[in-house]
Every structure is written in structure tokens, then in C-alpha cells.
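Each remark here refers to the structure printed beneath this line.
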Amino acid sequence: MRVWIYTRLSNDDDPNRDSLQNQMRICREFAAGRGDLVIGQSSDDNISGMEFSRRGLEVLTAAVDAGKLDAVLVKDLSRLGRHRTQTALFIDYLRECGVRVISVTEGLDTAQEEDDLVIGIRGLMNDYYAKDIGKKIRAGYRQKQREGIVITPPFGYRKDRNTDEIVVNPEAAETVKLIYSLYLQGCGQKEIARRLNELGRKTPAQLRAEQCGREVRAAHKTRDGHYIWTYASVKNVLTEEAYTGVLINHRSETNSGKAKRVEQSEWIRHEHFFPVIVEQSIWAQVQQRLKEQARPANGNKAKHRYAGLILCKECGSPFVPMIRYWNGNRRVEYVCRGYHRNGKSYCSSHRIHEEVLDTAVQEFIQTMRIRMAEEQKELKQKQKIWALRKPVLDAHILSLQKRIQELEREIDELIIEKIEATKISRIVSWQ
């Protein structure tokens, strides 16, 4: 049998007992004992069984679609997945493709009907285990939040690797103070970002990459690959209360991969936790000014019909509507938000007038109307041809059915003659 070995390890598994190498060894020994041919293998490391968007599964699925294998070997069914419904659907998909799943240590085979009940029970147990572990992890994380344990400190601070103490990063703290000073001097967030870029001040993403040795998350960069301050990164600094010494935890909760904001009354606050970089009075003054300058949320979407529908091909930023006045006439144009907020170092100038979009949409609709009319005309012609040919085809089908019946009768007669001839030959031989 052609078999594929799949292994998976999550962060809550025992690395000694369930290591990828150990799983692979068990499955290979099983295949060798049966004389099966291992035609491929794939694995997923540090990925939960509740998540089914896995690279290893994608490679396995591609091999199944290509018809390369007859069975999938796993150490146990929990390696395939812990989500009860998703795992059952994946097993059904494999069955439809003629591929069985064999759990080596559990002695289960999806090709055996008598194993279906045990497989269903195992699915329930794996699903319950994953959810129970998730609850314990969240409870432990919540306890750490109550105790004031910080995993990643905000920009302006760093965590001492030896003592786990949160200390000020002098270079970043100087940038934070400069941002607050420029804002209180009347500079907007876009202007502050421009000045920081001119001064070559390191961004939060840049410092984090230098500390970790790699980029932890996607970062804003110029077209030539340099890190860049943006409107959003400046605003994040201006709204961060940690610079006054306060640690705030439990601002959001994640459940089944979905994050939701938590009411402010449920936040966990730790006063005098961080070394102070910005005085409380200055921070409060900045928050008041931000509140006064804030614009109503989603205001543009309600006023402009193309807001949120156009993306910049160069940087991926959405186009935002801008109202322009020229010679007393009002017009709306859409511009790249990446260029508008961060300047030409981030993206080049792109803009398009609303009238041009209206014309393009109208032309597209007209083209689709003409195409639909042509297709409807072609469809009616085919319906007419079919209506004319239907009586002839029906008569032909009827004649073929009669011919089939005649051939079936002839076959029956030949079979009866063959049986009678066999009986006669047996009687003659017996006499």
C-alpha cells in the first residue's frame, strides 16, 4: 500500500514523548512491518490541532488530489486534528478520495466500519482535551496579567533577560519624548512621522527586529526596504498610557481565534509599574487634544460611494476620498492613503477623480448589458433548436429502448439454449 506519514506537534504537547521525530519513527516502523511503501511525509510544528489551516495538511491534500497515496499514517488521531467537526470532515474527504487513515498506536482504521464508533469517541475526547487545555492556558495567562507579568513591553522600554525587570530604552524613550513635544507644539501626526523619518529615528518594528533577530510582524517600510514612521505608529505612541508608569492588561480577549475588545471597567491596571517617560499631566493634555481633533468614525463611508473599495496596487493601502475645490467647483477625488499619510518615501502619488470612476462603472455596466443580451439571444436560439430536435430525439430514444428489449430477449433465449444443451450433454455422458 502507498502510504503518507503525517506528524504534528503543538506547544502544549510533551516534546519528548510526541516529538516529530518520535512520531515519524513509530509510523515508519509500522509501515515497514506491513510492507507498505512510504511515498511522502509532511509535518506541522507548534500548531494547534484546532487549527486546520496548516502547511503540512496542504501538502498532504495536494498529494491526495493527485491520487498518489492509498492511506495516511498518523501516530494517533489527535495528530490529524483535535477539532471534532473539522477532523470528521477531513476524514470524510479522504474517504471520498479512496484514502484511509490509520492510527498506529490506537489500532484504528477508517476503512473498517467497526472502528467508526471508536473514532467518533476519540474525536469527542480530543476536542474536549483541546478546549480544556485552552481554558487552562487562558486562566494562567489571566493570572499573569493580574500579577503584572509583562511578556513584550511597549516601545520605549525593554525587558532585562537576566532579571526580567522592565527598564527604559534610552534611544526609544528619547523618541517618545520628542513625539509628545512635537505634538504639543502643534505638529500633526503626519508631520511628526515625516520629521522622525528625516532624523532617522528607529521605529518600534525596527527595534523589535533588532532585539529578536527577526521581524516579529509585518512592518511599514519604504519602497527601498527602509523602516518608516507612519501616521498610525505615531498615534500608537501618543495614546500609550504605559509611558506614565501604568501597566494595563486584559484590554481584549481572544476566543476561537477571534479578538474582541473588553469594557474599560474590566481592564487590569497596575499603577507605578513602568519607569515614567511622560508625566501624567502631559499625557492627559495630549489625550484631550487628540479627542478634540478626532473625526467621526466611518464618516467617509457614509458620504462617498467608492470609499473602502479601491486599493493601491503599489503599497496595498486603501484609497481615501478627498474633497477639492477648483474655480468655485467642488469635486471628489480618491488618493492613496499610504502616500497621503506617509509621503513619497512610502508610496508614489496616485489619485483618481470620482467622475472617472462613475464613467468606468457606467461603461462596464453597459458592456455587461450588451453581453447579457447577446447571451440571452444565443440561449433562445439553442432552445429553439432543441425544441425542433426534441421529437426526433425522443423517437430515436424510443426505438433504441425497443432494440434494447429485443436484444435482452435474444440474450435470455441464448442463455436458455446454453443451459438446455449443457443438461443434454451431462445426460449423454452419464448414460
Close pairs from segment 92-110: first hydroxyl-bearing (Ser, Thr, Tyr), partner open to solvent by 60 Å² or more (accessible area, probe 1.4 Å) and assigned to a helix (DSSP H, G or I), Cβ under 9 Å, at least 6 apart:
Ser103/Arg122; Thr110/Arg95; Thr110/Asp116
Taking segment 320-340 and keeping only residues that are part of a helix (DSSP H, G or I) and either out of contact with any Phe, Trp or Tyr (no Cβ under 7 Å at 6 or more places or on another chain) or open to solvent by 80 Å² or more (accessible area, probe 1.4 Å) (or both), one is left with Arg337, His340
Only one of Glu406, Glu410, Glu420, Glu375 that is open to solvent by 100 Å² or more (accessible area, probe 1.4 Å) and assigned to a helix (DSSP H, G or I)
Glu375
Regarding Glu29, is this residue farther than 25 Å from Asn11 by Cβ, at pLDDT 90 or above and over 27 Å from the mean Cα position of the chain (by Cα)?
yes
Only unsatisfied item for Glu363, checking (1) open to solvent by 70 Å² or more (accessible area, probe 1.4 Å); (2) modelled with pLDDT of 85 or more; (3) more than 24 Å from Ala232 (Cβ to Cβ); (4) touching a strand residue (DSSP E or B) at 6+ places or on another chain (Cβ under 7 Å), is (4)
All-but-one check, Glu106 against (1) at pLDDT 75 or above; (2) part of a helix (DSSP H, G or I); (3) open to solvent by 30 Å² or more (accessible area, probe 1.4 Å); (4) among the acidic types (Asp, Glu), failing number (2)
In the set Ser399, Ser317, which member is closer than 30 Å to Lys303 by Cβ and open to solvent by less than 70 Å² (accessible area, probe 1.4 Å)?
Ser317
Determine the pairs where a residue that is more than 17 Å from His83 (Cβ to Cβ) and aromatic (Phe, Trp, Tyr), located within segment 38-63, has a partner that is open to solvent by less than 40 Å² (accessible area, probe 1.4 Å) and not in a loop (DSSP other than H, G, I, E, B) with Cβ atoms under 6 Å apart, the partner being 6 or more residues away or on another chain.
none
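The values are calculated or read from the model by the stated rules, or taken from the named source; none is laboratory data. Owing to the predicted nature of the structure, the values given are computational and were not obtained by experimental measurement. So basically every Cβ, Gly included, is an ideal-geometry build from the backbone, and we count neighbours across all protein chains shown. The accessibility values were calculated without ligands, DNA or RNA, using every heavy atom of the protein model including side chains. Shrake-Rupley method; radii C 1.70, N 1.55, O 1.52, S 1.80 Å.
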